[in-house]
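Reading through the C-alpha cells given below for one structure.
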Amino acid sequence: MIDRGRLERHIAELSAIGGKGAAVTRLGLSREEQRARTLVGGWLAARGARVRRDPAANLFARFGSEGPAVLLGSHLDSVPEGGRFDGALGVLSAIEAVESLLDLQAPLRRPIEVVAWADEEGARFGVGLFGSAAAFGRLAPGVAERTDRDGVSIADALRSLGEVGDPALARREPKEFAAYLELHIEQGPRLADAGRALGVVSDIVGIYHARVTLRGRADHAGATIMSARADTLAGAAEMVLAVERIARAHPDGVGTVGEIAVRPGAKNVVPGECVFSIDLRAARAHEDLVRWVLAEVERIAHTRGLQSSVDELARVEVTPLDRGIALLLRRAVKDVGVDAELLVSGAGHDAQNAQLSGVPTGMIFVRSSGGSHTPREFASLDDAALGARALAIALRELAA
Ligand code: GLV
Ligand code: MN
Ligand code: MN
C-alpha cells in the first residue's frame, strides 16, 4: 500500500530544500541538491538499502543481492525558480513503490535500485541529463571542464561535493540493469485536458542544446553610424526570430532561446559580443530542424559580417521507449483504474540515456496542472498516490 501521509510529508520535506513558497531552486551539483540526496538517502538507508553516491554525484540505493537490477527513480535538481514536482515526484514515488513492496515481505526475484540522477536539468552548466549520461557512458568528451557563469567547472563542483572530479568514472554497464522505470509529472496539459490522472510514455523527443557566440565590434553608440556597425545583439535578434519561424514550420518542432547575454553590456556601447542558448526539439525529423536552424544562424552572421561559433552542449536522438515495458505499465495503470493513453514526451528525461544504452525503459506520467519549470507546476496528492501505486504494481511484476 502507498502511504499517502508519508508521500505528502516527503514532498513537503524535500521541497523545503531550496524552497521559497511554492518555488524551488535546487540546481544540479549544488549544495542544495546534495542536501536533497542526503535526505532521500537517509530514508532509503532506514529501510535497509545499501546507499552510495557515484563520481557523478548520482545517488543509488540497492535492495537485494546479485544480478541485474530493476532501476527506478528520477532526479532531485530543479531549474531556477522551478516547482516542487519535476523530478522530485519520480524519486519519491520510487521510494513509495519500494516501501510498499518491502511491506509485502515477498522475496525479491531481482535486486532493486532506486536512483536520484544528478543535474538532469543542466541549468547551471548547460549539460542536461548529466548524471544519467555519466552512468551510461554517454557524456560528451571534455564535459567536466565546462564552466558555469562564475567560471566554476563541473569537475570543481564535483570536487566540492567530495567527489574526485571525473564524472566518467560513474560509468556502469547497461547489463547491470534489467529495466528502468521513471515516473514524472507530465509537464504539459494533455492529461489534464483528457481528464485522466495518468499516462504512459511511448517516445521522448530528440533534443539539441547549443550555445552560440557572436563576435562583432563594440563601438560608441552615438558616434558610430548605422552602416559601420557589427552589432551582435541585432544579429542575435534576427536569429531568435529564425528559431521561432523554423520551429513553427516544422510539423512538431519547438525551438527556444532561453538565455542571452551581451558584452560589454552598457546602454551606450554597440554590443560587441553576444552569447545565447538554443533548445530545439521534435519527435520526428529532429535532425532537419537542427540543420535548418544552424544554416540560418550561419547565413545571418555572414550577411551581417559577424563571426559565429556554435558550441554543441547536447544532442539526444528521438527515443522510442521499450514497447514491452509500455504494455506492462499500461496494465499497471489500468489496475489502478486509469485507461492510459500513450503520450510522446516533449521534455527530456534521464530515461532516454537508459533506453538508448539498451536498458528496457518505461515512463509513467502523472497529470500536472500549471505546466512545469515554474512554481505553478502541481500534482495533486490523489494523482501522485495513484501514480506511485501503478509504479509499485509494475515494480512488483518485474522484481518480486
Ligand atoms: C528537462 O526538463 C528538459 O526537458 O529540459
Ligand atoms: Mn524532469
Ligand atoms: Mn525539468
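Got the relative contact order for the range 3-53 handy, in percent, Cα pairs under 8 Å and 6 or more residues apart?
21
Residues with amide H under 5 Å of GLY137's amide H, sequence separation 5 or more or different chain, H placed in the peptide plane at 1.01 Å from N; which?
Close amide H contacts, sequence-distant or interchain: ARG172.
If you line up the Cα atoms of the range 8-90 on their principal axes, what length do they span on each, largest first, in Å?
The Cα atoms of the range 8-90 stretch 43, 27, 18 Å along the principal axes, largest first.
Please give the FRET efficiency for ARG50 paired with ALA237, using the beta carbon to beta carbon distance and R0 = 60 Å, rounded to the nearest 0.05.
0.65
If you restrict to DSSP beta bridges whose two residues both lie in the chain, what percentage is antiparallel, to the nearest 5?
Working: 46 of 66 bridges.
Within the chain, antiparallel bridges account for around 70 percent of the total.
Loop-only GluC sites (Glu not before Pro) in the range 181-266, please: DSSP not H, G, I, E or B, and at most 14 other Cβ atoms within 10 Å.
In loop regions of the range 181-266 (DSSP not H, G, I, E or B), the sparsely surrounded GluC sites (Glu not before Pro) are GLU259.
What shape does the range 74-120 take by its C-alpha gyration tensor, where a ≥ b ≥ c are the square roots of the eigenvalues and a/c under 1.5 counts as rounded, a/b above b/c as prolate, and the rest as oblate?
Oblate.
Between rounded, prolate and oblate, where does the range 204-243 land on the alpha carbon gyration tensor, with a ≥ b ≥ c its root eigenvalues, rounded for a/c under 1.5, else prolate if a/b exceeds b/c?
Judged from the Cα gyration tensor, the range 204-243 comes out prolate (a/c at least 1.5, a/b above b/c).
With the cut-off at 1.5 for a/c, could you classify the range 150-302 from its C-alpha gyration tensor as rounded, prolate or oblate?
Numbers: a/c = 2.55, a/b = 1.50, b/c = 1.70.
Cα axes put the range 150-302 in the oblate bin.
Add -39500 (n - 2.57) for each DSSP H run of 4 or more in the chain, then divide by its residues: what number comes out at 222 nm, to the nearest 500 deg cm²/dmol?
About -10500 deg cm²/dmol.
Provide the gained length on full extension for the span ASP252 to HIS220, in nm with one decimal, where the gain is 0.36 nm per separating residue minus the Cα-Cα distance.
Working: separation 32, 0.36 × 32 = 11.52 nm, distance 4.30 nm.
Stretched fully, the ASP252-HIS220 segment lengthens by 7.2 nm.
At q = 0.13, 0.25 Å⁻¹, what base-10 log of I(q)/I(0) does the Debye formula yield for the range 238-307 when every alpha carbon is treated as an equal point scatterer in vacuo?
-0.42, -1.11
Can you list residues whose amide H is under 5 Å from ALA178's amide H, if they're 5+ apart or on another chain and H is modeled 1.01 Å from N?
ALA69, VAL70, LEU71
What order, most packed first, do the peptides 194-201, 339-346 have when packing is the mean number of other Cβ atoms within 10 Å of each residue? Numbers along the way, then the final one.
Numbers: 194-201: 20.9, 339-346: 17.2.
The densest-packed peptide leads the list: 194-201, 339-346.
Give the long-range amide H neighbours of ASP219: residues separated by 5 or more places, or on another chain, with amide H under 5 Å away, using H modelled in the peptide plane at 1.01 Å from N.
Here VAL270 satisfy the definition.
Post the alpha-carbon centroid distance, the range 330-366 to the range 219-291, in whole angstrom.
35
Given Cβ point charges of +1 (Lys, Arg) and -1 (Asp, Glu) and nothing else, what value in debye, to the nearest 20, does the dipole of the range 207-316 about its Cα centre take?
In total the dipole reaches around 180 debye.
Over all pairs of distinct alpha carbons, what does the Kirkwood formula give as the hydrodynamic radius of the chain, in Å?
21.9
Laboratory data are not the source of any read-out in this text; all were calculated from the coordinates shown. Note that the structure is predicted; figures quoted are calculated from it, not measured. Backbone-built Cβ (ideal geometry, glycine too); neighbour counts: all protein chains shown.
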